[in-house]
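Engineer: Before I ask anything, here is the structure I am working with.
The values are calculated or read from the model by the stated rules, or taken from the named source; none is laboratory data. Quantities reported herein were computed from a predicted structural model and do not represent experimental measurements. No Cβ is skipped: glycine too gets one built from the backbone with ideal geometry, and neighbour counts run over all protein chains shown. For accessibility, only protein heavy atoms count, side chains too; no ligands or nucleic acids. Shrake-Rupley method; radii C 1.70, N 1.55, O 1.52, S 1.80 Å.
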Amino acid sequence: MSPTPPPFPASTVLGYPRIGPRRELKRALESYWEGRSTRAELERVGAGLREATWRRLAELGLEGLPSNTFSLYDQVLDTAVLLGAVPERYLAAGDPYFAMARGTEGLAPLRMTKWFDTNYHYIVPEIGPETVFKLDASKPLAEVREARALGYGTRPVVLGPVTFLLLADPSGAALGRLDEVLACYEELLAALAAEGVAWVQLDEPALVADRTPRELAAAGAAYDRLGSAAARPGLFVATYFGDLGEALPVLAATPVEAIGVDLVRGSAAGLPELPGKTVVAGVVSGRDVWRTPPERALAALAQVRADRVTVSTSCSLLHVPYDVEAERDLDPGLRGRLAFAEQKVTEVVALSSALSSAQSSAQSSGSPSALSGGGSLGAAVPSTPLTAPVPREGRSPYPVRAAAQAEHLRLPLLPTTTIGSFPQTGELRAARAAVTAGALEPAAYERLVEAEIERVIRLQERLGLDVLVHGEPERNDMVQYFAEHLDGFAVTRNGWVQSYGSRCTRPPILHGDVSRPGPITVRWASYAQSLTSRPVKGMLTGPVTIVAWSFVRDDLPLRDVVLQVADAVREEVRDLEAAGVSIIQVDEPALRELLPLRRASQPEYLEWSVSAYRRATSGAGDRTQIHTHLCYSDAGEILAAIDGLDADVTTIESARSGARILGSVGGFGRGLGPGVYDIHSPRVPDAGEVEELLRATLRALPAERVWVNPDCGLKTRAYEEVEASLGNVVEAARRLRAELAGAGR
């Protein structure tokens, strides 16, 4: 029998940002990928970031320091390596880890998709009959030793076995390998115990979603087995992103000593008594940037009935920036309402101290509790009544619009296009920074933007694309750019959040009512169209995505905020159309991302989110072709809702995921462009590979509705990669177009 672990620390966090306060890891990764530095130099940057994190968390007074939350790319990919789930085709690559993440020449990467309902992307493990699980505990053990050498005892954090298998491909089938995986976890626990580790954190966020009886039984069996291991640290099973629901009594019945619950997105009101357990209560949000009202947090803590209560964040702080004190340009009133990762750690420590004081006072007075306040912390959005139902706004029926657009645009069969952005050059980024710093006149910057737009237009004409884009050289980010031009938003200088690998975004802060002071994109779209006789798409970000990829005010229902943004987008659509833009793309890549994890809440969300999109686009006339785009979020699960957006053309990620979306699109009634080129990998697909993907699409859809396009925008790629890849895309489309013409299509 395993020895009883020491008491769980009174304060902790479930994870911390890892990209670096100044994106140090991003720069180190890209230097290594480009061959300008070695793997050893990359590892040294990682070690420096880990040391800085542990030192700062200790300085802030946090008792429980996590380790193994750092990753060079993704924690799910790290778990696959930990368990030996590395497909054989990657083993011969120079660096198998990054080959799985990014691909290499002739070798496509593993699939990538969204981490639950966040904008973080994870690498999907691939588990086949040939997979042989074999533990490689070198990374978590090395970080334990690294921290100990600095004077810190840490709690290793590892993705739990049930969530790992539920997230793996093939979806659902991998759970049948649970016994083999548990053998590796038992070996890992023994190794950690031998290393003197007191506690280990196993993350099981999949348990907050709807789970079948079989899956719940698997979770119970897994933790019965791990809890019965002869040699192990204390087991802390962390869950987040919602209520555990029916999974909580399953976990509570196992020998695990600590259970983490999210009391920001979930509620303390329904928690049963958990005798013999430590409850790690997530009362400080890891998903937003607002300060935690202490009275609400303490009221939630007062409702937790367990042997011991630890104060924590609701989830990892990976999803928020590092430090609000780095944002001296923000309005002081707004800055005073904000808490980034460092401030949230301070809140955890303060709440833990308040809880301890209240418990001591209760014990001395004989009262059940000295904590004040009632109710639970509840959800981040208060229970304001919903406004009236959103009207189902729309245009003429699709067949009427399609006929008008065909006559007006006169596009060929299998029209080729891109998603929107072209590579952002170093010169453009430097010029944008110089304008912000006052070192470059805006007029000079605008001339640079015009020159880049012309370069992009001429390149697309030379390659033979049918529908062009202006390349978005004036934009820093597809959401931040619009936030900078809409009232109600604030933007940060250093508020970087990791999206995947080295890719970071600065989510805007939506803090007030949203409105559009004036046109945002019309000038650049009109200029691009003036350079060519081919149609140029106007490029907009949709209302759901603008809200989803921002930190949003918590004093209005989310739906009402989205509708405010939809009205601003609608005004921009009307102005683009009035300026002569015939194709307008309104992207909604976050539509699937915001889908609630519990099925009972999904219909209401899909109703208002789809209606908001239709509201944003309903002002366009029949001849104006509306496009939308979605990527990297298992969109096949909501294909009916995507069809309900009523866009004339939908482009969607497909190449990265092995064209799995094609199994669901047979009944899709409008134009559809499943991607034929994975832009998140540096490899260039040849024309034959693209042609094969197009043939698969044509087996699922009639040629008259098929568009040819990459998976996503090209901003992160280099021009030489883009030109070669798009040339092959156009060549493949031409071959098939000629073949279809010869067959009388």
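Engineer: Mind telling me which of the residues 609, 601 ends up being in a helix (DSSP H, G or I) and surrounded by fewer than 18 Cβ atoms within 10 Å (Cβ to Cβ)?
Structural biologist: Only one candidate qualifies: 601.
Engineer: I would also like to ask the following. So which residues in the stretch 452-462 are under 17 Å from residue 535 (Cβ atoms), buried (at least 21 other Cβ atoms within 10 Å of the Cβ) and of a type in the set (D, E, K, R)?
Structural biologist: none
Engineer: What's the total number of residues in the stretch 1-31 that are of a type in the set (Lys, Arg) and within 16 Å of residue 156 (Cβ to Cβ)?
Structural biologist: Number satisfying all stated conditions: 1.
Engineer: Something else: Just a yes or no: is a residue in the stretch 666-685 out of contact with any strand residue (DSSP E or B) (no Cβ under 7 Å at 6 or more places or on another chain), under 20 Å from residue 110 (Cβ atoms) and assigned to a helix (DSSP H, G or I)?
Structural biologist: The answer is no; no qualifying residue exists.
Engineer: Sticking with this structure for a sec: For the stretch 404-419, how many residues are open to solvent by 60 Å² or more (accessible area, probe 1.4 Å) and outside any loop (DSSP other than H, G, I, E, B)?
Structural biologist: Within the stretch 404-419, residues that are open to solvent by 60 Å² or more (accessible area, probe 1.4 Å) and outside any loop (DSSP other than H, G, I, E, B) number 3.
Engineer: Another question, then. Can you find even one residue in the stretch 17-34 that is in a helix (DSSP H, G or I) and basic (Lys, Arg)?
Structural biologist: Taking every residue of the stretch 17-34 in turn, at least one turns out to be in a helix (DSSP H, G or I) and basic (Lys, Arg).
Engineer: Do you know which residues across the stretch 508-530 are part of a strand (DSSP E or B) and charged (D, E, K, R)?
Structural biologist: Correct list: 513 only.
Engineer: Within the stretch 213-251, which residues are part of a loop (DSSP other than H, G, I, E, B), surrounded by fewer than 22 Cβ atoms within 10 Å (Cβ to Cβ) and more than 27 Å from the chain's Cα centre (by Cα)?
Structural biologist: 228, 229, 230, 231
Engineer: Residues that are part of a strand (DSSP E or B) and either on the phi < 0 side of the Ramachandran plot or charged (D, E, K, R) (or both): does the stretch 550-571 have at least one?
Structural biologist: Yes - at least one qualifying residue is present in the stretch 550-571.
Engineer: Kindly state which strands (runs of 3 or more DSSP E) lie completely within the stretch 51-170 and contain at least 1 residues that are of a type in the set (Gly, Ala, Ser).
Structural biologist: In the stretch 51-170, the matching strands (runs of 3 or more DSSP E) lie at 65-67.
Engineer: Another one. Which of the residues spanning the stretch 690-745 are surrounded by fewer than 20 Cβ atoms within 10 Å (Cβ to Cβ), modelled with pLDDT under 95, of a type in the set (Gly, Ala, Ser) and closer than 30 Å to residue 502 by Cβ?
Structural biologist: 718
Engineer: Restricting the first residue to the stretch 429-451 and requiring it to be closer than 23 Å to residue 529 by Cα, which pairs with a second residue that is at pLDDT 95 or above and of a type in the set (Phe, Trp, Tyr) meet a Cβ separation below 8 Å and a spacing of at least six or different chains?
Structural biologist: 449/524; 450/527
Engineer: Here's something else I'd like to know. Please enumerate the residues belonging to the stretch 272-287 that are surrounded by fewer than 23 Cβ atoms within 10 Å (Cβ to Cβ), assigned to a loop (DSSP other than H, G, I, E, B) and in contact with a strand residue (DSSP E or B) (Cβ under 8 Å, 6 or more places away or on another chain).
Structural biologist: 273, the sole residue that qualifies.
Engineer: What pairs come up if the first residue lies in the stretch 342-363 and is surrounded by fewer than 21 Cβ atoms within 10 Å (Cβ to Cβ), the second is in a helix (DSSP H, G or I) and β-branched (Val, Ile, Thr), and their beta carbons are under 9 Å apart, counting only those six or more places apart or on different chains?
Structural biologist: Sorted first by the residue in the stretch 342-363, then by its partner, the pairs are 343/324.
Engineer: Can you name every residue in the stretch 628-665 that is modelled with pLDDT of 90 or more, touching a His at 6+ places or on another chain (Cβ under 8 Å), in a loop (DSSP other than H, G, I, E, B) and of a type outside the set (A, V, I, L, M, F, W, C)?
Structural biologist: Answer for the stretch 628-665, where residues must be modelled with pLDDT of 90 or more, touching a His at 6+ places or on another chain (Cβ under 8 Å), in a loop (DSSP other than H, G, I, E, B) and of a type outside the set (A, V, I, L, M, F, W, C): just 648.
Engineer: Give 334, 318 a once-over and let me know the one that is buried (at least 20 other Cβ atoms within 10 Å of the Cβ) and either among the aliphatic types (A, V, I, L, M) or at pLDDT below 95 (or both).
Structural biologist: Checking each option against the conditions leaves just 318.
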